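Notes follow once the structure below has been shown.
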Amino acid sequence: MKVVGWGVGLTAVVTGVLALYWGRGAILPGLVFGALATAIEVVALARLRRTWREPGTGPLKGFAEGMGLRLSGVAVLAAAIVLNRTVFPPLPSALGFLVVLVPLLFLEVRWVR
């Protein structure tokens, strides 16, 4: 699937940049939250494809399910930062998540067809 390739590529890039800027301590948050964002997008895209051709509110239902998944990802991010701030520093963790999730979200419209 294209989304997995793009997610892995974006995760590698953001993890590399985080490691250059913050050092070795930023590698784990970049990898974990980049992988989480990729997994969320894979599931969200699958749900959207399933509901895309349904009449009426089908596509809206798929978008709402995807947004719920993304919101749950933000909750996981916040919980990880609160529970273990030394392993998951806030800024590298948030960047690892958002830098992967946002481009995949915008590319989702192309991949749904």
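So what's the angle, to the nearest 10 degrees on a 0 to 90 scale, between helix 27-51 and the longest Cα principal axis of the chain?
0
Suppose every K and R has +1 on its Cβ and every D and E has -1 on its Cβ; what is the size of the dipole of the range 2-111 about the Cα centre, in Debye to the nearest 20? Write out the running numbers ahead of the final one.
Numbers: 10 positive and 4 negative charges, 32 e Å.
Computed charge dipole of the range 2-111: roughly 160 debye.
So how tilted is helix 2-22 from the main axis of the chain? Cα-based, degrees 0 to 90, rounded to 10.
Rounded to the nearest ten degrees, it is 20.
Angle between the Cα long axis of helix 58-83 and the longest principal axis of the chain, 0 to 90 degrees, nearest 10?
On a 0 to 90 degree scale, this one is about 20.
Grab the DSSP H runs of the chain that are 4 residues or longer, score each as -39,500 (n - 2.57), total them, divide by all residues and round the 222 nm result to the nearest 500 deg cm²/dmol.
Details: 4 runs with 94 residues, N = 113.
About -29500 deg cm²/dmol.
Name the residue from L77, V109, L10 whose Cα lies farthest towards the positive end of the charge dipole of the range 2-113, charges +1 on Cβ of Lys and Arg and -1 on Cβ of Asp and Glu.
Going by the Cα projections, it comes out as V109.
Computed from these coordinates, which is volume of the Cα convex hull per residue in Å³: [x] 170; [y] 75; [z] 88?
[y]
Net charge near K61: determine it from the other residues with C-beta under 14 Å of the C-beta of K61, scoring Lys and Arg +1 and Asp and Glu -1.
+2
Every number here is computed from the coordinates shown, using simple stated rules; none is lab data. Here the structure is a predicted model, which is why all the values come from computation and not from measurement. Please note: Cβ atoms are built from the backbone with ideal geometry, for glycine as well, and neighbour counts cover all protein chains shown.
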